[in-house]
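Novice: Below: one structure in structure tokens.
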Amino acid sequence: MIVESQPQPFAYLSAPNARLYSAVLGVFGQARERFTVHLRPEDVAAELRRTASGPADSADTRALSDPSGTVEAASVEIVAAALEKLVEWGNLRADADTGRVTTVEDFHRARYLYQLTQHGQAAIQAIAVYEQALGRRGQLQSVALADIAEQLGSLLALAGEADPDPAKVHLLLLGLADRFSSLADNAQAFMASLRRTIDFQDGDEDAFVAYKDRLVEYIERFIADLANRGAQIAELIGRLDEAGIGRLLEAAARREAADAVPDTPDAGDGAAQNDAVADVWHSILTGALAAWENRWRGLSDWFVSRGSRHPSQAKLLRGSAVSAITSLVNTVAALNERRGGRSDRSADFRALARFFAEAPDEAAAHRLWRAAFALSPARHLTVDAATEAAWGEAEPAPNTPWAEAPALEISPRLRETGSYERRGQPNRVTDRSAARRALAEQAEREAAETAEARARLATDGPVLLSELAGPRALDPGAFRLFLAMLGDALAARTPGESQSGAITGDGTMEVRLKLVDADRVVEIPTEDGVLSGPEHIIEILDLVAPFPSRHGAGA
């Protein structure tokens, strides 16, 4: 059996007996894992029957049955026909089976041994990867954040050496790239599966509610880890950039280039050969260095924001996780309302039908119809530029009675065509670039004010609450941020405990409180007044500060 056409290893997926072909190829894939190369048709049929006799009734094996249900009588013939089609498509290769020839009739009967081709094996692997990626739920890897921080710390130590070991640098960068890729891919898969979970429609509502509690706790724990470790990783990335990450990336690229080229640039018998080898080596080195620089840029963009308009991917992931918690809570609230017997749309329509049935006359039914569906022939009026110009400065107040308000000019076109729009050339598109620039400047200004407030409040370790006042009062921006953090920390305190702590919702600051004396009242002056309360020991950490040093709150 010789196949000369172009291989089509994925053609069986759209064939009528796709399940049968998939089951047959699955048998060959399992046999290859057992280091079995050749299979006969009866071997494939027996393996399929063995799978069918297991605990789960395979749909692929059910496809072997003929309409009468006699699998034993027809399975080998059906499998043989399927094997021939797979050979035709290039998934299998057929070799003559002469090992069991005992008679002349056996010699003239077509018998074949089948094995996977390179195209067939590639198709099985590709479909397995596709199904694995499609069904993967992903996970939020808090441990990966700690590993990335540790590997970056080791790289920073190597960057401080005059002549770092290229092997250590290369191994650290390989581990860092692998850990980061796993973190990013799993986070993306998890958020995709989370969106499918939030779109819950039918199923076991009790199980979903119980799963929600564990899921919210899981996400909240990751958000806290991402806020803490993310700030640490961003700081390490900044310090590595200052220490010269380029020479570490170049060392790793040179090590990869040495593996790719067997000869060094100065090897060879002649100058021309040396030049050719040097060109090849330089090309490979340039490509490897560009690949490492691209990976480092991806890692930096994932944890370090480039301004208010270009937040880091970690910040976006944190925002998506917070939004997911809100959506989960709303979904559970809707389920609780449904289970609590509250009115839904179908119940509203049934009540409305009862109102119609109880209407005393047709006039009342018409009034009910108009009130319920708002289908009266009224037109909604709008105020155009011409009317505003006619009003001038005497624009009526919103609470002006209709009878006392100035006349509203209505174009006859509204009555004739039902639209204000005139025919002809459309209006020019409004240029909103100035408004966008103003919004961007406002966002940058607010981000700068928030960063200044964080620097104003951050402490150099634990201090007394009374020391936060400093020589001058807190400005309004810093005071609002301080009140929000203080409220979060106090709300997190459980009864009977004197210590508590909290992280702000955006993950930028952490506050820790410890009660000193409940009877001692301290006062903090502000522009809006004086804040008074029991004395505490407070520590405020700026989690996004670029360097370990913290600015004192009273500085």
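The values are calculated or read from the model by the stated rules, or taken from the named source; none is laboratory data. Keep in mind that this is a model prediction, so the values were computed, not measured. Using ideal geometry, Cβ is built from the backbone for each residue, glycine included, and neighbour counts are taken over all protein chains shown. For accessibility, only protein heavy atoms count, side chains too; no ligands or nucleic acids. Shrake-Rupley method; radii C 1.70, N 1.55, O 1.52, S 1.80 Å.
Novice: Which of the residues belonging to segment 445-477 are at pLDDT 75 or above and within 17 Å of Val522 (Cβ to Cβ)?
Specialist: Result: Leu457, Thr459, Pro462, Val463, Leu464, Leu465, Ser466, Glu467.
Novice: Having 3 or more residues that are at pLDDT 85 or above and closer than 29 Å to Thr98 by Cβ is the bar; report the helices (runs of 4 or more DSSP H) wholly within segment 1-75 that clear it.
Specialist: Passing ranges, in order: 18-33, 41-52.
Novice: Let me ask you something else. In segment 490-503, is there at least one residue being at positive phi and without any contact (Cβ under 8 Å) to a residue 12 or more places away in the chain?
Specialist: Checked against the condition, which is being at positive phi and without any contact (Cβ under 8 Å) to a residue 12 or more places away in the chain, segment 490-503 yields at least one hit.
Novice: Further question on the same structure: Restricting to segment 156-193, give me the number of residues that are open to solvent by less than 50 Å² (accessible area, probe 1.4 Å), in contact with a Lys or Arg (Cβ under 9 Å, 6 or more places away or on another chain) and part of a helix (DSSP H, G or I).
Specialist: Adding up the residues that qualify gives 15.
Novice: Now for a different question. Name the pairs whose Cβ atoms lie under 6 Å apart, with the first residue in segment 525-537 and free of Cβ contacts under 8 Å to residues at least 12 places away in the same chain, the second open to solvent by 70 Å² or more (accessible area, probe 1.4 Å) and assigned to a strand (DSSP E or B), and 6 or more positions between them or separate chains?
Specialist: From segment 525-537, the pairs are Val530/Glu523; Ser532/Val521; Ser532/Glu523.
Novice: Scan Arg379, Arg367 and give me the residue that is modelled with pLDDT under 85, among the basic types (Lys, Arg) and either over 30 Å from Met191 (Cα atoms) or open to solvent by 40 Å² or more (accessible area, probe 1.4 Å) (or both).
Specialist: When all the criteria are applied, what remains is Arg379.
Novice: Among the candidates Glu409, Glu421, Glu441, Glu416, single out the residue that is open to solvent by 40 Å² or more (accessible area, probe 1.4 Å) and at pLDDT 80 or above.
Specialist: Glu441
Novice: Here's a follow-up. Specify the residue that is modelled with the lowest pLDDT; the eligible residues are those in segment 102-132 that are open to solvent by 70 Å² or more (accessible area, probe 1.4 Å) and hydroxyl-bearing (Ser, Thr, Tyr).
Specialist: Among those that are open to solvent by 70 Å² or more (accessible area, probe 1.4 Å) and hydroxyl-bearing (Ser, Thr, Tyr), it is Thr102.
Novice: Val516 - would you say it is open to solvent by 70 Å² or more (accessible area, probe 1.4 Å), modelled with pLDDT of 80 or more, farther than 29 Å from Asp241 by Cα and of a type in the set (Val, Ile, Thr)?
Specialist: yes
Novice: Given the residues Asp301, Asp275, Asp279, Asp263, which is the only one that is modelled with pLDDT of 80 or more and of a type in the set (Asp, Glu)?
Specialist: Result: Asp301 is the single residue among Asp301, Asp275, Asp279, Asp263 that is modelled with pLDDT of 80 or more and of a type in the set (Asp, Glu).
Novice: Condition (residue is at pLDDT below 85, acidic (Asp, Glu) and touching a Gly at 6+ places or on another chain (Cβ under 9 Å)) applied to segment 176-186: is it met by at least one residue?
Specialist: yes
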